[in-house]
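As structure tokens, the structure follows; a few thoughts come after it.
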Amino acid sequence: MADEKVNYPFMAFNFAVEIKVEGMEMQICDAAFAECDGLEMTMDVKTIREGGNNGKQIRLTGPMNYSSLTLKRGMTETFDLWKWIELMQTNPETRANAEVVIFTNDKNSDAKKKVKAKFMLSGCIPVKLKAPSLNAKDGGVAIEELQLAYESLELNTE
């Protein structure tokens, strides 16, 4: 019984966000956010009615729709996200790939954080970047809200 392994569920608060713009050498987002929402995909369903068959309908799969990723209350030390939005104004083809990484809830505080899952977003476009209200008692460069539209969403659990 002492050798029995306990599997703890992964917790929603233990995540990181990484954003890399194609053609740039380093990540543009080295920020920690308090909230992440919008990891969502919805498949359109087409309904076809067969003539003479009133008790059944045929359902066909349609295209996949993706939500926008919303990141709130973040802190960073650089202005790289602002620079990316400025670059998008002159070169709208500048897209990014993003990863939302979820870590295990390891009870051993000395252990290195282990990745439980990665949500990989491709073709990201910054839709909104909102600065916080300025307050002299806060430190660092803060981000109140960042929204990204994305073209595809994949889950990697390796």
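The values are calculated or read from the model by the stated rules, or taken from the named source; none is laboratory data. These figures come from a predicted structure and were not determined experimentally. FYI the Cβ positions are ideal-geometry reconstructions off the backbone, even for glycines, and counts take in every protein chain you see.
Here L39 does not qualify as more than 24 Å from N135 (Cβ to Cβ), of a type outside the set (S, T, Y) and not in a loop (DSSP other than H, G, I, E, B). Can you pull out every residue in region 52-102 that is part of a loop (DSSP other than H, G, I, E, B), touching a strand residue (DSSP E or B) at 6+ places or on another chain (Cβ under 9 Å) and not polar (S, T, N, Q)? Passing the criteria: K56, E77, F79, P92, R95.
Residue count for region 22-70 satisfying the condition of being farther than 22 Å from T94 by Cα, among the charged types (D, E, K, R) and surrounded by 11 or more Cβ atoms within 10 Å (Cβ to Cβ): 3. Do we find that A16 is crowded, with 17+ Cβ neighbours inside 10 Å and either closer than 17 Å to L121 by Cβ or of a type outside the set (S, T, N, Q) (or both) in this structure? Against the criterion (crowded, with 17+ Cβ neighbours inside 10 Å and either closer than 17 Å to L121 by Cβ or of a type outside the set (S, T, N, Q) (or both)), A16 qualifies. Return the residues of region 139-158 that are out of contact with any Phe, Trp or Tyr (no Cβ under 9 Å at 6 or more places or on another chain), surrounded by fewer than 16 Cβ atoms within 10 Å (Cβ to Cβ) and assigned to a strand (DSSP E or B); say none if nothing qualifies. E144, the sole residue that qualifies. Within region 86-138, restricting attention to residues that are surrounded by 11 or more Cβ atoms within 10 Å (Cβ to Cβ), of a type in the set (S, T, Y) and at pLDDT 85 or above, the residue that is nearest to K72 (Cα to Cα) is S122. Among the residues of region 51-89, those that are of a type in the set (S, T, Y) and under 20 Å from C29 (Cβ atoms) comprise Y66, S67, S68, T70, T76, T78.
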